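Worksheet: the structure to be examined is printed underneath.
The values are calculated or read from the model by the stated rules, or taken from the named source; none is laboratory data. Here the structure is a predicted model, which is why all the values come from computation and not from measurement. Neighbour counts run over all protein chains shown; Cβ positions are idealised from the backbone, glycine included.
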Amino acid sequence: MDQPEGRSRQSLILLVGPPNVGKSVIFNNLSGMAVEMANYPGTTVDYTEGKADLGTIQARIIDTPGTYTLTGSNDAEEVAGRMLEGNPDLVVQILDACNLESSIYLALQVLELRLPTILVINRMDLLCERGGAIDTAALSRELGVPALTTTALSGEGLDTLRSTIIEILSGKLNAEPKREVPAEWEAAERIREAVTGVPESRPPTRREIIGDAVMRPWPGIAVAFVVLLGVLAIVVGMGMGLRRFILQPIVLGYIIPWIDTQVAGIVAPGLLQNILIGEYGFLNKGIEWPFTLILPYILSFYLALSILEDSGYMPRLGVMLDGLLGKIGLTGPSIIPILLGYGCGIPAIISTRALPSRKNQMMIALMVSLSVPCVAQTGAFISLLAARSVPALIFVAFLSVATLIITGAILNRLLPGRPTPMVMEIPDLLLPKASVLAKKLWMRIKHYLVDGVLPVIGGVAVAAILYETGLMARLGTFMSPLVRGWLHLPEEAAVPLLLGVFRKELTVLPLLEMDLTTLQLVVGSVVALFYVPCVAMLAILYRYFGMRFTLGVLILTTGAAFLIGGIIAQVGAVIF
C-alpha cells in the first residue's frame, strides 16, 4: 500500500488472516489508542490503521479486511490483495489453530508474493481444549518462514510476537520466504497433516456443547430472548443513566452556561447572538443535542453490539433464525446487516455485499432504509418519548419491527429471483476482552464525533438561521396543508423534515423544543422513522444499486412516512 503523501518513510506492517481469527485483538496489542478507521480508496471496505508499539522502530500497522483467499471474488479479498501488492515491510499472517488447513491455503497465496512474512498461529487455547497440537518448527520448515503460536485473548505469546517483529524489522531475523510451495488445497492439506496432532475422534468440549445448544430452537429461542433483553437493558438503561447522571449535568450545568456567558459578553444582542445561543442556537443546541441526547445511546449500543460480535453469538443467532427468515425469503446471515443497521445504515448496506443473491441484497437495503432507525435516531426517540410515555416508545419500536417483517414479505413476492443458500462460518464462543471492547468503542465514538456531531451542528445552524430570519415561519405556512392539516403538527415541525436529509436524528431532536401532546410526539416519531435516509446513506445506495433503486427508496420512504404518520394522526384525533 502506498504511503500517503507528506508522511515520512516508516516500516509498514500488514496483518492478514481470515475473519474471526483474532486479528483485531493482535492489532490492539501491537498498537496504541491512536488508531484510525478508514475506507480503502475507491471502495467502501473498512480497514484499521495505527502506530505500532515497537520501541524505537517507527512503523505503521494495518489490520486488513478478513479474507479466506486472495482471488478477488469480493471487495474484502480485492482490498487485501491490493494492500499486499503495495510491498509492505512485513506481513503478519494470522492462522486459525482450529481451522488450520484453510488458513494455510491463504498463507500459501500470501507467500507466493515473496514478501517478508511471519506466521502467527492464534487460538491455541481452543485447540488445546480439543486435545490438539501444532508443531511450529515443522510448519516453519514446510513454508520457509518464521512461525510462532499465540492465544491473543489471554495475551500468551504476544510479547514473543512483538520481539520477533522487532528482530525482523531491524534485520536480525530473515523472514524472506525460503521455499516455493504452490497455493493449492492439496498442498495445504499435506502440510496440515504434517504439522498437527489432532485426534481423529474426541468428545465435544463444554464450549462446543453450549455453542451448538444456542443454535437449536430449544434452548436457543429462550437464550436469544434473554440476550435481546440484555441488549435492550444496556442500550436503554445504560444510555439513560449516562445521559441523566453524567452528560446532562456536565453539559447543561457547566458547558452551555459558560458558552452563553462568553458569547453574550462578546456579541451584542440581536440576530447574530440569537443564531449563536438563541432558541435554536448552534453553539448551545448544537452541543446539547448530540452530546446529551445521542452520545449516551451511541456508547451503550456499540458496547452491546461489540459484545455480540466478539462473543461469537451473532452468527449463531443468524443460524437459529434461518427458518423464520426463510419465510420472507431471507437466509439466517441476513440478520447481521439488519442488526448493523440499528447502529448505522451505511455499514448495513455495505455488508449486504456478502449476501449470495442480488434479491437478498435489495431486500435488506430496502428494509433497512425504510424501517430500521440508526442508533442516533433511536437515542433521539428515547429522549423524546421515554420521559413522556413508555407505551408510546414501545409502540414506535413495535411499528418498526412489524414494518420490517411486512416489507420483507412483500418484497419477497415482488422481486424476481429465489433465495440462495449461504455457507457461514460459526466462530467459537468466546469471552470478549475488555481492552478490545474499549478500543472498538473509542474508534466508533471518534467516528461519531467527526461524522455525526459536525453535521448536527451544521443542521442546527441552518435551523437557527431559518428561525431568526422568519424563513421557518414561511416554510411552515407553505407546508401547512401537509404538516397541520394531515399530520396535526404545528407549522414549525416542517423544519425537522428539511434537516432530516442531513442527519436522520434531526427529524426528531427539534421536536423536543416544541410544546407537543403525546399523540403529536408519536406522529412526529413515526414520520421520522420512515423518512428518507440521510445523504450519506443515499450515496451508498446509489453506488451499490444505481439511480433507479435510490429514487425508488426516496419515493417509498417519503410516501410511507407521510401516509403512516397521517393515518395515526387522523385516527388518534378521533380516538383521543
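Below is a table of values for the structure above.
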{"item": "Output for segment 324-345, where each listed residue is small (Gly, Ala, Ser) and part of a helix (DSSP H, G or I)", "result": "326, 332, 334, 341, 345"}
{"item": "Single unsatisfied condition, residue 467 versus (1) touching a helix residue (DSSP H, G or I) at 6+ places or on another chain (Cβ under 7 Å); (2) buried (at least 17 other Cβ atoms within 10 Å of the Cβ); (3) modelled with pLDDT under 85", "result": "(1)"}
{"item": "Counted residues, segment 182-221 - those being surrounded by 17 or more Cβ atoms within 10 Å (Cβ to Cβ), modelled with pLDDT of 85 or more and closer than 22 Å to residue 121 by Cα", "result": "5"}
{"item": "Which listed residue is free of Cβ contacts under 8 Å to residues at least 24 places away in the same chain and within 16 Å of residue 464 (Cβ to Cβ), from 253, 270", "result": "270"}
{"item": "Yes/no for residue 348 being closer than 25 Å to residue 536 by Cβ, of a type outside the set (S, T, N, Q) and surrounded by 24 or more Cβ atoms within 10 Å (Cβ to Cβ)", "result": "yes"}
{"item": "Enumeration of residues in segment 473-513 that are assigned to a loop (DSSP other than H, G, I, E, B) and out of contact with any Ser or Thr (no Cβ under 6 Å at 6 or more places or on another chain)", "result": "479, 487, 488, 489, 490, 501, 502, 503, 508"}
{"item": "Residue satisfying all of: in segment 270-304; under 20 Å from residue 246 (Cα atoms) and aromatic (Phe, Trp, Tyr); surrounded by the most Cβ atoms within 10 Å (Cβ to Cβ) among these", "result": "289"}
{"item": "Qualifying residue in segment 504-526 (condition: closer than 22 Å to residue 303 by Cβ and buried (at least 19 other Cβ atoms within 10 Å of the Cβ))", "result": "yes"}
{"item": "Test: residue in segment 128-146 that is within 23 Å of residue 432 (Cα to Cα) and within 30 Å of the chain's Cα centre (by Cα)", "result": "no"}
{"item": "Residue satisfying condition, being at pLDDT 85 or above, surrounded by fewer than 19 Cβ atoms within 10 Å (Cβ to Cβ), touching a helix residue (DSSP H, G or I) at 6+ places or on another chain (Cβ under 6 Å) and within 27 Å of residue 457 (Cα to Cα), within set 531, 542", "result": "542"}
{"item": "Residue that is surrounded by the most Cβ atoms within 10 Å (Cβ to Cβ) [pool: residues in segment 54-84 that are free of Cβ contacts under 8 Å to residues at least 40 places away in the same chain and of a type outside the set (A, V, I, L, M)]", "result": "65"}
{"item": "The listed residue being touching a residue at least 12 places away in the same chain (Cβ under 8 Å), part of a loop (DSSP other than H, G, I, E, B) and either touching a helix residue (DSSP H, G or I) at 6+ places or on another chain (Cβ under 9 Å) or not hydrophobic (A, V, I, L, M, F, W, C) (or both), out of 162, 114, 192", "result": "114"}
{"item": "Selection status of residue 71, more than 16 Å from the chain's Cα centre (by Cα) and modelled with pLDDT of 85 or more", "result": "no"}
{"item": "Only listed residue being over 23 Å from residue 428 (Cα atoms), modelled with pLDDT of 90 or more, polar (S, T, N, Q) and buried (at least 16 other Cβ atoms within 10 Å of the Cβ), chosen from 164, 160", "result": "164"}
{"item": "Evaluation of residue 481 against (1) of a type outside the set (A, V, I, L, M, F, W, C); (2) touching a strand residue (DSSP E or B) at 6+ places or on another chain (Cβ under 7 Å); (3) free of Cβ contacts under 8 Å to residues at least 12 places away in the same chain (one fails), failing number", "result": "(2)"}
{"item": "Some residue of segment 307-323 being touching a Phe, Trp or Tyr at 6+ places or on another chain (Cβ under 9 Å), assigned by TED's automatic domain parsing to the domain that holds residue 234, assigned to a helix (DSSP H, G or I) and modelled with pLDDT of 85 or more", "result": "yes"}
{"item": "Positions within segment 431-442 being surrounded by 19 or more Cβ atoms within 10 Å (Cβ to Cβ) and hydrophobic (A, V, I, L, M, F, W, C), in sequence order", "result": "436"}
{"item": "Test: residue in segment 250-270 that is farther than 26 Å from residue 340 by Cα, modelled with pLDDT of 90 or more and touching a Ser or Thr at 6+ places or on another chain (Cβ under 8 Å)", "result": "yes"}
{"item": "Candidate set: segment 94-149, residues that are buried (at least 19 other Cβ atoms within 10 Å of the Cβ) and of a type in the set (Gly, Ala, Ser); chosen: the one farthest from residue 76 (Cα to Cα)", "result": "147"}
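One line per residue, one yes/no per condition, for (1) in contact with a Cys (Cβ under 8 Å, 6 or more places away or on another chain); (2) free of Cβ contacts under 8 Å to residues at least 40 places away in the same chain; (3) over 29 Å from residue 453 (Cβ atoms):
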site: 494; (1), (2), (3): no, yes, no
site: 511; (1), (2), (3): no, no, no
site: 538; (1), (2), (3): no, yes, no
site: 549; (1), (2), (3): no, no, yes
site: 556; (1), (2), (3): no, no, yes
site: 559; (1), (2), (3): no, yes, yes
site: 572; (1), (2), (3): no, no, yes
site: 576; (1), (2), (3): no, no, yes
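Yes or no, residue by residue, for (1) β-branched (Val, Ile, Thr); (2) at pLDDT 85 or above; (3) out of contact with any Lys or Arg (no Cβ under 9 Å at 6 or more places or on another chain); (4) not assigned by TED's automatic domain parsing to the domain that holds residue 278:
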site	(1), (2), (3), (4)
391	no, yes, yes, no
395	no, yes, yes, no
413	no, yes, yes, no
444	no, no, yes, no
463	no, no, no, no
